[in-house]
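The values are calculated or read from the model by the stated rules, or taken from the named source; none is laboratory data. Every value quoted in this text rests on a predicted model; they were computed, and no experiment measured them. No Cβ is skipped: glycine too gets one built from the backbone with ideal geometry, and neighbour counts run over all protein chains shown. Side chains are part of the model used for accessible areas, which takes the heavy atoms of the whole protein and leaves out ligands, DNA and RNA. Shrake-Rupley method; radii C 1.70, N 1.55, O 1.52, S 1.80 Å.
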Amino acid sequence: MERFGFVGLPNAGKSSLFNSLAGGGALAAPYAFATTDPNIGVARVPDARLDALADMSASRRVVPTTTEFIDIGGLVEGASKGEGLGNRFLAGIREVDAIAFVLRAFSDADVPGPADPLEHLGIVETELTLADLETVESRIDRRRKAARSRPSDTALGAEAAALEAALAHLEAGTPLFRAWPLTATCDGTGEHPHRAALRSHFLLTDKPVMAVLNLGEDQLDAAAELAAPIEAELPGATVLPLCVQLEAEAAQLDSAGRAELLEGLGLGVGALERFVTAAHGLLGLRTFLTTGEKESRAWTFRAGWRAPQCAGRIHTDFERGFIRAEVIDWAELLDLGSWSAARDAGRLRIEGKDYPMRDGDVVEFRFNV
């Protein structure tokens, strides 16, 4: 399960965002360090394709994909040196797959601290960069010596070179997510080799990032304008403007009440679907589906994965003994009305080991072990 960590200054709205996505449970209070331990929640990822396939198949069970959200708590200036609850919160960030910066843009006399999202971003980036610099400085000499003593070990050499490159960027005050691309491209080509070489070090800035801009209700009409400076500061990153407090209130309602409130406020599909769509894109995640009377289920995979790798998401035996995949696009299957009708019409494609799975593929795998 992919994990997204909410990172920001105290009172930025991280706990309220957690509640809007995971359905509540986190204390949201207008004072620093209301969150002293990470809140961890799991949300079901909405997918209209899965629901439609389940209806078609009259499935007894519907299993969507899930995403884990971690409300890590507020960082403050000096967190890299242990200020506030810095050491504890920095440790929590190391364990996530991607970071969502939560940046406050609203003003409220009852909420202390700055309301400039660029100031928020600058402080948090600086603290993460300083923490990574300390980590790299503490480890690089040992890797240099090891690489010199074992010149035939290419993996060790790549790790030492990556640490050298990271050190140069961090000493210049540049977080690593600004230094090199962190995600696989949509056509499935790989990530930057330095990132792969540094994975075992769990560096804080060597993770994909996005930003959630927390707006006041009176700022919603200016959302695009307010997001523009953050988009300019984080080129290529998704910036998601939300009124987090309204989204958290909507999350407490039943589905009908929630939909009515979101529509009445002009908030569209709501925070969960918008956030998950952006977050999955950040990590290069795609979805394939399986359907039948017993179960309809959604499965995530990485862009560029081949059919056997995707089969392994269901069970390792499926990947190990992969023979072929029967595949059809979800919309085409719905038009035909059933899996058997698609087979009778000759519309199921037979794909082998080199087939790159596509988002929205409905699949049955054939395997033998």
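Tallying residues that are open to solvent by 60 Å² or more (accessible area, probe 1.4 Å) and touching a Gly at 6+ places or on another chain (Cβ under 7 Å) within the range 243-255 yields 1.
Among the conditions (1) at pLDDT 85 or above; (2) surrounded by 15 or more Cβ atoms within 10 Å (Cβ to Cβ); (3) not acidic (D, E), A58 misses just one, which is (2). Which members of the range 15-53 meet the condition of being open to solvent by 10 Å² or more (accessible area, probe 1.4 Å), in a helix (DSSP H, G or I) and modelled with pLDDT of 85 or more? Those that are open to solvent by 10 Å² or more (accessible area, probe 1.4 Å), in a helix (DSSP H, G or I) and modelled with pLDDT of 85 or more: A48, R49, D51, A52. Scanning the range 85-96 for residues that are crowded, with 17+ Cβ neighbours inside 10 Å and either at pLDDT 80 or above or touching a strand residue (DSSP E or B) at 6+ places or on another chain (Cβ under 7 Å) (or both) gives L85, F89, G92, I93, V96. What residue, among those in the range 217-232 that are open to solvent by less than 80 Å² (accessible area, probe 1.4 Å) and closer than 22 Å to K14 by Cβ, is farthest from the chain's Cα centre (by Cα)? Among them, the one singled out is Q219. If you go through the range 243-301 and keep only what is of a type in the set (S, T, N, Q) and closer than 22 Å to A331 by Cα, you end up with T277, T287, T290, T291, S296, T300. Flag: T65 matches the condition of being open to solvent by less than 20 Å² (accessible area, probe 1.4 Å), at pLDDT 80 or above and hydroxyl-bearing (S, T, Y). Out of L121, L130, L170, L103, one residue alone is in a helix (DSSP H, G or I), modelled with pLDDT of 90 or more and within 21 Å of the chain's Cα centre (by Cα). It is L121.
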